[in-house]
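The values are calculated or read from the model by the stated rules, or taken from the named source; none is laboratory data. Note that the structure is a prediction, hence the values are computed from the model and not measured. All Cβ positions, even for glycine, are placed from backbone atoms using ideal geometry, and neighbour counts span all protein chains on display.
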Amino acid sequence: MGLIVPLDIRRQSVKTAHSPDAGPAMHAFRRTFVILLISAALVACGRADSAEIVLPEGFSARVFHEGIGPRARHVAVRSNGDVFVSMRDGELVALRDENGDGQADRIERRKLPISTGLQIHDTFLYFSDNVSVSRVKLDDDLMPGGEPETIVQGFPEQGSHADKSIALNDRGDLFVNVGAPSNACQQKRRSPESPGLDPCPQLERQAAIWKFSASRLDQDQLDGERYVTGTRNVLALDWNHGAGALFFAMHGRDQLSTLWPALYDDADSAEMPAEEFHRAVPGASYGWPTTYVDPATGRRMLAPEYGGDGVKEAPAGTHQTPLHAYPAHWAPNDMLFYTGSAFPDRYRGGAFIAWHGSWNRAPMPQDGYRVTFQPFADGTVSGPPEDFMTGFKGTAALKRPSNATWRPGGLAVGPDGALYLTESIEGRVWRITWDG
């Protein structure tokens, strides 16, 4: 079993509230205690005058580009330092620092079948939209000029969780997230007390990570292998070369109190379920839609759509245990294992995760909006996560995501070991370096 560590005093204080013998009195105490803490934070903190990025001592973040436009997503950096960013509106943006001052001087744009996924592998730039994964060969120009080649297509069209984030390894494998097209596979979607479909038909082609050949053209989804299943939506995934395995951070389900008000209140819904960090074990199940993980206790609970009541645990041994259970509704948008050599030794091989922030903690204050560092060694987590980059919200108590100054999006490592980060409101790109 991996390491599951609560991140703050609130989660540690309420850890016993969902123990099997916790009754109504304990549940009421937990609700009151959480609400009082949140109210105190709102009064004490107020609103910051402006957003200010905070990093550990010795690091600095310089703006590589002020803003390439809203809805910027993932980022990739070429061996010559050129930076590529995927845009949700179907555009690839290429940036170049021509005078070596650490800022982009040249920008080019191109329409492509692209919305989220982006990664450089061998001499190709791989990218994805909602129904396909393609690649284009890199050439001597800033913006590659060749025609895109389709690697895999035929993914189901869906309105929810349609992004096809991707990861590749040195064996020539392509991993593609196929998100669940619903919140909890209910018979009547997002309707109070609607039970879950059993079995859930969405598990046949969705709510999974699929594996394909990265070099074979014109594959259909069903030509690939369903690598793992029961993953609600995975935007943050990366191959760890040292461990020889894929790892990912998964978005948890929404609306516990809205859909099941007799079982969960708003404080419960703000604090559950966990955003789960996992190693991908081929053929394994990760629990959606029948279960979720309580980040306060680390226990896997039975979902209310499938007979859960907020107290019942899921049957043991059926689904994978997370390496870490992160707080609810932080929304992991990208993840990478640091492969550079410019940062101090303790960061090498560890995982950076960009948290985009979500809407589902409402009416409580929103959270996430940061980059964390997860220490890692010998193929697993080796310590509690740490805040690495904060200050994006621009206010101490954020009511809704649209009020945030910035929302972290994509991560990449440059050839000199610098860390690049995008955000989705202005499309700002930062370049983070170690100056200590």
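Filtering segment 51-106 to residues that are closer than 25 Å to F373 by Cα, of a type in the set (V, I, T) and not in a loop (DSSP other than H, G, I, E, B) leaves V54, V63, V75, V77, V83, V85. Checking each residue in segment 166-180 for being under 13 Å from R253 (Cβ atoms) and either in a strand (DSSP E or B) or touching a helix residue (DSSP H, G or I) at 6+ places or on another chain (Cβ under 6 Å) (or both) picks out only A180. Here L302 meets each of (1) under 27 Å from P365 (Cβ atoms); (2) free of Cβ contacts under 8 Å to residues at least 24 places away in the same chain; (3) among the hydrophobic types (A, V, I, L, M, F, W, C) with one exception, condition (1).
Out of A167, A162, A180, one residue alone is among the hydrophobic types (A, V, I, L, M, F, W, C), over 21 Å from S215 (Cα atoms) and buried (at least 22 other Cβ atoms within 10 Å of the Cβ). It is A180. As a summary of the residue check, E91 satisfies the conditions (1) among the charged types (D, E, K, R); (2) touching a residue at least 24 places away in the same chain (Cβ under 8 Å); (3) within 27 Å of D416 (Cα to Cα); (4) crowded, with 16+ Cβ neighbours inside 10 Å except for the one numbered (2). Of everything listed in (1) surrounded by fewer than 21 Cβ atoms within 10 Å (Cβ to Cβ); (2) in a strand (DSSP E or B), the single unmet condition for N333 is (1). Can you tell me which residues in segment 181-211 are in a strand (DSSP E or B), more than 15 Å from R253 (Cα to Cα) and either among the polar types (S, T, N, Q) or in contact with a helix residue (DSSP H, G or I) (Cβ under 7 Å, 6 or more places away or on another chain) (or both)? Answer for segment 181-211, where residues must be in a strand (DSSP E or B), more than 15 Å from R253 (Cα to Cα) and either among the polar types (S, T, N, Q) or in contact with a helix residue (DSSP H, G or I) (Cβ under 7 Å, 6 or more places away or on another chain) (or both): just W210. Of the residues making up segment 376-398, not a single one is out of contact with any strand residue (DSSP E or B) (no Cβ under 8 Å at 6 or more places or on another chain), at pLDDT below 95 and under 17 Å from E275 (Cα atoms). The C-beta contact set for segment 412-428 (first residue closer than 15 Å to F337 by Cβ, second residue among the polar types (S, T, N, Q), distance under 7 angstrom, 6+ apart or interchain) comprises V413/T339; G417/S341. Within segment 110-153, the set of residues being out of contact with any Leu (no Cβ under 6 Å at 6 or more places or on another chain), exposed (fewer than 15 other Cβ atoms within 10 Å of the Cβ) and either among the basic types (K, R) or not in a strand (DSSP E or B) (or both) comprises K111, D122, K137, D139, D140, D141, G145, G146, E147.
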